[in-house]
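A short worksheet on the structure shown next.
The values are calculated or read from the model by the stated rules, or taken from the named source; none is laboratory data. Nothing here was measured: the structure is a model prediction, and the numbers come from that model. All Cβ positions, even for glycine, are placed from backbone atoms using ideal geometry, and neighbour counts span all protein chains on display.
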Amino acid sequence: MEELKPGMAVHMVLELSDPNRVMKTVVYDIMGKKIILAQTSPPLLRSHLGEAVRVSFIFKLKGIKDVRLAFSGNIVAFMPDYKMSFDQVVPAIVVDRKSELEEIDRRMFYRITPPLNSAMTVMMGNAKMNVVDISLGGAKFTHAMEREFLPGEEIDLTVTLDNRRFGIKARVVRAEKKFDAVRAKRYYTVSVQFENNSQEFGRALAMKIMMMERQRLVAGKY
């Protein structure tokens, strides 16, 4: 199975203090169990020293599908002047790897299908998306727009949670063109990953997902 390599783009989350914040970074170097990563934006602080983290990346498995692999570790050092080359120094983070790689859910977070009375909407411009499922890491929706979506494309969405509106950034992971034979119409299914959006949005979405799950449990829909 694919191993971690210098130059790879990875995602990292603080497992305990801020699991809703998905941070992008890059592997600078690997020295045994010590993984040197680029400093994040916004940057992690020295107060995060010792924090448990989850680092993951995506690759194609034998050209068949994309999978996400992850390992756990701890932030053990900050390097303000890591030497990238003879004349270039950059800030870096050192993570002590504590586990082997394992395959995890591609979106990394628990997904839920919103009920009809969820008071949650996802809009792109003036077009309302039909949300198939949503998690803290992203969403899957269908739409009948003529516009096509391209994997890797960044899009702007407006998410409304109980009358609170959030303008967010998302990146297209997968887009499939489909056909409704009954209505004789084309439609698209799109999976997106939420980018580094505000902590306020992350907290509000986490609370909304928790409330929707409670509603499912009360209704006996496990």
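Here are the numbers for this structure:
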| read-out | value |
| --- | --- |
| Among the candidates 80, 91, residue that is surrounded by 12 or more Cβ atoms within 10 Å (Cβ to Cβ), modelled with pLDDT of 90 or more and either charged (D, E, K, R) or not in a loop (DSSP other than H, G, I, E, B) (or both) | 91 |
| Extreme residue, surrounded by the most Cβ atoms within 10 Å (Cβ to Cβ), among residues of segment 111-164 that are of a type in the set (D, E, K, R) and touching a residue at least 24 places away in the same chain (Cβ under 8 Å) | 140 |
| Candidate set: segment 2-45, residues that are small (Gly, Ala, Ser) and free of Cβ contacts under 8 Å to residues at least 60 places away in the same chain; chosen: the one surrounded by the most Cβ atoms within 10 Å (Cβ to Cβ) | 38 |
| Top-ranked residue in segment 19-39 [being under 15 Å from the mean Cα position of the chain (by Cα) and not aliphatic (A, V, I, L, M); ranked as nearest to residue 77 (Cα to Cα)] | 25 |
| Test for residue 81: is it of a type outside the set (Phe, Trp, Tyr) and more than 18 Å from the chain's Cα centre (by Cα) | yes |
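Conditions (1) more than 14 Å from the chain's Cα centre (by Cα); (2) more than 25 Å from residue 212 (Cα to Cα), marked per residue:
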{"site": "148", "(1), (2)": "yes, yes"}
{"site": "153", "(1), (2)": "yes, yes"}
{"site": "160", "(1), (2)": "yes, no"}
{"site": "171", "(1), (2)": "no, no"}
